[in-house]
1. Of (1) of a type in the set (Ser, Thr, Tyr); (2) surrounded by fewer than 13 Cβ atoms within 10 Å (Cβ to Cβ); (3) farther than 24 Å from Asp87 by Cβ, Ser27 satisfies all except one. Which?
2. Gly33 - would you say it is crowded, with 19+ Cβ neighbours inside 10 Å and among the small types (Gly, Ala, Ser)?
3. So, in the stretch 76-110, exactly how many residues are farther than 12 Å from Met36 by Cα and either of a type in the set (A, V, I, L, M) or in contact with a Lys or Arg (Cβ under 6 Å, 6 or more places away or on another chain) (or both)?
4. Please go through (1) free of Cβ contacts under 8 Å to residues at least 60 places away in the same chain; (2) under 17 Å from Ser13 (Cα atoms); (3) of a type in the set (S, T, N, Q) for Thr56 and return the number of the only condition it doesn't satisfy.
5. Thr67 - would you say it is buried (at least 21 other Cβ atoms within 10 Å of the Cβ), under 16 Å from Thr3 (Cα atoms) and at pLDDT 95 or above?
6. Name the single residue, out of those in the stretch 40-61 being at pLDDT 90 or above and under 15 Å from Gly94 (Cβ atoms), that is surrounded by the fewest Cβ atoms within 10 Å (Cβ to Cβ).
7. Looking at this structure, is Gly108 under 16 Å from Leu24 (Cβ atoms), surrounded by fewer than 15 Cβ atoms within 10 Å (Cβ to Cβ) and in contact (Cβ under 8 Å) with a residue 60 or more places away in the chain?
8. Restricting attention to the stretch 70-102, which residues are more than 9 Å from the chain's Cα centre (by Cα), of a type in the set (A, V, I, L, M, F, W, C) and either surrounded by 22 or more Cβ atoms within 10 Å (Cβ to Cβ) or within 19 Å of Lys18 (Cβ to Cβ) (or both)?
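The values are calculated or read from the model by the stated rules, or taken from the named source; none is laboratory data. This is a predicted model, so every value here is computed, not measured. No Cβ is skipped: glycine too gets one built from the backbone with ideal geometry, and neighbour counts run over all protein chains shown.
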Amino acid sequence: MPTVTVPRGDVSSDEVVKVLRDNLPASYNVLPGMAMGRAGFMAPHPGTADTIVVGTGANRWIKAQVTIVRRGGQTDLRISPGGLVSDLVMNTFGVARDIRNVLANAPGLH
């Protein structure tokens, strides 16, 4: 699971959502407070304030989840691609990589 570590312990979900919405292509949906089912046919469902689903269309096949984990003086942004087999590979090298690149290069988070 790709993780981006931010050297601040106070990163909010709103900050992460703003960075994702401002820097990902317009075709991506950013859904704060939602979690994803692992299988491709599963739609996003209510999660915690620290989970964000990013995907396209109905967010069933092209999707990944960002989970915000604060510990000590830093915050881990854990990125989990959705899917089980071929869609897992596609999401790992597609949407999850896009999310990681955006979060790792966001000066506002660091």
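1. Just one mismatch for Ser27, condition (3).
2. no
3. So the answer is 14.
4. Checking Thr56 against (1) free of Cβ contacts under 8 Å to residues at least 60 places away in the same chain; (2) under 17 Å from Ser13 (Cα atoms); (3) of a type in the set (S, T, N, Q), the one that fails is (2).
5. Against the criterion (buried (at least 21 other Cβ atoms within 10 Å of the Cβ), under 16 Å from Thr3 (Cα atoms) and at pLDDT 95 or above), Thr67 does not qualify.
6. By that ranking, first place goes to Thr56.
7. In short, yes.
8. The one that is more than 9 Å from the chain's Cα centre (by Cα), of a type in the set (A, V, I, L, M, F, W, C) and either surrounded by 22 or more Cβ atoms within 10 Å (Cβ to Cβ) or within 19 Å of Lys18 (Cβ to Cβ) (or both): Val102.
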